[in-house]
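Remarks on the structure that follows.
None of the figures in this text is laboratory data; all of them are computed from the coordinates on show. Since the structure is predicted, the reported quantities are computational estimates derived from the model, not experimental observations. Here the Cβ positions follow ideal geometry from the backbone for every residue, glycine too, while neighbour counts run over all protein chains shown.
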Amino acid sequence: SNTMPKNELSQSVRGTVFASSSSPTSRKHLFSSIPSVPPAANKLLWYTLLHGKCTIFNSTSRQLEFEMAAESAVSFTNAPFKHVLSPNVVDIVPPNISNWLRGQAIAIALHPEDADPLYYIGSVISTANGVSTLTGERLGSQGETIVGQEVGCVADVVKGIRGRSAVAVGECTYDGNGHVDIAVEGARTITGLGSILESRDLSTFQGLNAATYGDVGGYDVFSIDSASSSHVSGTTYFSTRIGTWGGGGNALVEKCSLFVDTPTDDQTELSHVGESVRVVLTNHNLAGEQGKTWDYTPDARFGSNWIQIPLMSQLGKSTSELVVPAFCTKGDDACDEDFGLYTCGAGLPSCPADRPSDPEGVCTALKSTVSAPGGTPSELCVGHSVSLYEEVYSTIIQAERYLDISSLELADGIFLAAIRNAITFLDGKDQTIDIRFLTGLPDFTALHQDRHLQRFMTNVTRDIREPTRLRPTRLRITIGQWFHAALRPDVTAPEDLASWNHAKIIAVDGRLTLEGGHNWASNAYLKSSPILDASLVVEGDVAKHAHRFLDQQWHYICTSGWGLLGYSGRYFVSFPDSRADDCAPVPLMPPGVTGDFTQTKDEAALVAATFSVGHLGPIGGTRWFSATGTSDAAITAMFDSAKGSIKLALQDLGPAFAPAGWYMTYGSCSRYAGPSFEALLCR
């Protein structure tokens with residue numbers, strides 16, 4: 001072969017290698033090398049890089065409809081194996097390429113003439129008449145201008161990955177001595193389920209295999225010697241270009257696409273439970289919901305405080321041991337009126353008890369009393385479950401650009417005081433921050449829901465400095481609510497009569513989330529008969545999943561109006577007043593914006609593959625307990641996968657509004673048609 005010296009073959013090539021001549025469409029195999037001990041088939045993961053022409057039928061920020069005619073391809077394996085298949089598209093790709101792409105995670109680079117390239121990352125969710133639909137994320141802008149055009153394209157196809165792979169574009173320098181150096185632009189990490197991860201640091205891929213396709217028209221497969229967010233370099237072991245090794249040091253510089261395999265520690269399969277969920281979520285009914293009501297990340301991070309159940313320490317103890325603070329009101333001595341708690345500390349009396357027989361309150365310096373960066377916490381007499389509102393406060397103040405806050409009902413009491421101080425703290429950062437408050441249950445006593453929301457807006461922004469021309473506020477806040485009631489003669493099931501937001505979520509900059517079961521109601525959670533509930537603190541891409549789930553609800557709020565049948569409507573109020581007619585930004589985080597994990601990353605955190613699932617009820621086009629409901633489907637898949645036990649912590653079994661004897665009313669499991677209920681009890 002004139003593309004690799006024979007004396008380098010045994011050193012640089014391992015596995016079965018078929019190299020072609022410099023023409024990417026050549027069918028001639030020039031040499032092959034067979035390993036003495038072939039790897040087990042289940043140890044190999046294949047990665048395919050395709051080049052050809054793409055006809056574009058539709059291009060938006062989240063979706064691409066295209067038909068690809070492949071002209072050449074190369075497939076290579078994961079490290080440490082170095083198997084490469086010839087760039088012969090007939091050998092690698094079946095004639096019906098659209099069907100082959102369906103269900104695959106891909107990254108595709110589009111190269112229009114006289115225009116900057118466009119890049120899409122996601123998964124192909126459907127195909128029809130040769131046209132593939134990719135749902136995911138567009139990197140770059142002006143995608144609509146290429147609709148109807150045939151453009152050059154390069155597609156990277158991942159198959160069988162449970163972990164993460166990397167894709168990028170950039171400028172490749174091939175030095176003529178078997179080395180490649182890439183100045184990286186627009187690096188992204190992608191999973192085999194098509195989920196786009198936020199990390200752009202490629203250093204974790206050092207030592208792995210990668211492939212490039214250059215504008216001149218050649219493939220190179222190489223081992224990565226060094227990598228970062230801006231640079232990748234390596235040693236080539238397969239090439240279709242003349243001069244890769246025998247170029248006499250004459251460098252070739254060209255634009256190129258890069259595709260990297262997955263780290264060994266990411267190649268482990270999901271558990272049998274996770275695999276059951278994956279199969280259900282990626283079927284034809286729910287695959288299109290990815291990025292809306294479900295998503296996946298292989299490396300969500302769970303720190304030492306990841307599970308929030310403050311009352312766990314009280315289990316097994318008498319209620320007489322529960323520390324309930326004495327609450328105060330305006331006019332009482334030593335009273336913090338916002339929190340409704342007594343102040344304490346040097347020179348002040350000890351903390352009073354709620355009742356004479358109760359334990360005394362505990363004097364504690366509360367972070368949530370601080371309303372400006374650098375402020376000093378006040379000492380207040382607190383009771384049980386302090387961590388609930390302290391964690392809400394601590395999560396909110398970490399926002400730098402994007403903040404989502406979602407709740408069943410608007411916060412009150414101590415929770416309201418903590419959230420108000422957190423919002424005031426953010427104002428003190430003097431940074432542009434978009435904030436969306438989403439609430440569920442309306443105020444049934446209010447004739448005008450927007451006035452109900454405006455009262456909360458006035459309360460939560462009370463301490464923000466008065467905006468001036470020289471110092472305008474840089475916070476942009478929207479509070480919204482939707483309520484759906486279907487008053488139709490054909491609707492008789494109680495669970496279909498009404499719907500509202502029930503998600504309790506705080507999502508920060510696509511990198512940190514606090515979510516779970518806790519409502520922000522002081523009477524229910526902080527007094528003498530507290531509800532036992534659980535919430536989670538998780539870092540990583542799950543926060544981006546939360547933003548996108550809430551995007552769906554905000555889209556409904558910002559585009560829907562009153563229904564002719566029933567009490568179905570949307571309400572929102574905005575701050576500052578100049579935004580009175582502006583709804584919240586949708587999406588909150590524009591495509592391509594990434595979360596910065598450096599601020600909160602816990603090096604000791606547990607890392608786990610994680611599915612995020614939710615349910616949009618009737619605004620998502622499904623019944624509450626529909627078989628196509630994403631979270632119901634995932635829960636049912638978990639039940640179906642069980643081998644030895646199922647353990648549950650639930651509020652109830654059955655619809656919350658059902659009258660007595662509801663099961664007898666429905667008569668059978670099939671008539672109730674609730675998949676989660678059926679999976680639990682009927683099967």
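If packing is taken as the mean number of other Cβ atoms within 10 Å per residue, what is the order of 340-349, 122-131, 216-225, highest first?
Output ranking for 340-349, 122-131, 216-225: 216-225, 122-131, 340-349.
Using 7 Å Cα-to-Cβ label points, what is the Val216/Asn58 separation (nm, one decimal)?
The modelled label-to-label distance comes out at 4.0 nm.
Computed FRET efficiency, Cβ-Cβ of Asn305 and Asp332, R0 25 Å: what is it to the nearest 0.05? Provide the component values of the computation, followed by the final result.
Details: r = 33 Å, r/R0 = 1.33.
The value I calculate is 0.15.
Output the peptides 613-619, 639-645 sorted from most to least packed, where packing is the average of other Cβ atoms within 10 Å over each peptide's residues. Intermediate values should be presented prior to the final figure.
Numbers: 613-619: 21.3, 639-645: 10.9.
Those peptides, ordered most packed to least, come out 613-619, 639-645.
Based on the mean of other beta carbon atoms within 10 Å per residue, what is the order of 549-555, 183-189, 527-533, most packed first?
Numbers: 549-555: 22.1, 183-189: 20.0, 527-533: 15.3.
With the highest mean Cβ count within 10 Å placed first, the list reads 549-555, 183-189, 527-533.
How far, in nm, would the chain grow between Lys647 and Arg462 when pulled straight, counting 0.36 nm per residue and subtracting the alpha carbon separation? Display every interim value, and only then the final one.
Working: separation 185, 0.36 × 185 = 66.60 nm, distance 4.51 nm.
62.1 nm is the gain from fully extending Lys647 to Arg462.
Using the beta-carbon distance between Lys255 and Asp581 and R0 = 35 Å, what value does 1/(1 + (r/R0)^6) give for FRET efficiency, to the nearest 0.05? Write out the running numbers ahead of the final one.
Numbers: r = 44 Å, r/R0 = 1.27.
The value I calculate is 0.20.
Using the basic label-point model (7 angstrom from Cα toward the beta carbon), what is the Ile531 to Asp640 distance in nanometres?
3.1 nm
If the chain between Met312 and Glu185 were fully stretched, how many nm would it gain, using 0.36 nm times the residue separation less the Cα-Cα distance?
On the way: separation 127, 0.36 × 127 = 45.72 nm, distance 4.83 nm.
Value of the extension gain: 40.9 nm.
Quick one: length gained pulling Ala346 to Arg455 fully straight, 0.36 nm per residue minus the C-alpha distance?
Numbers: separation 109, 0.36 × 109 = 39.24 nm, distance 3.67 nm.
Net length gain for the segment: 35.6 nm.
At a Förster distance of 60 Å, what's the computed FRET efficiency of Leu606 paired with Ile242, Cβ-Cβ distance as r, to 0.05? Working shown, then result.
Values: r = 50 Å, r/R0 = 0.84.
Once rounded, the FRET efficiency stands at 0.75.
Would you mind calculating the relative contact order of the range 172-245 from Cα pairs under 8 angstrom and at least 6 residues apart, reporting the percent as a whole number?
Numbers: 139 pairs, mean separation 25.1, N = 74.
Relative contact order for the range 172-245 comes out at 34 percent.
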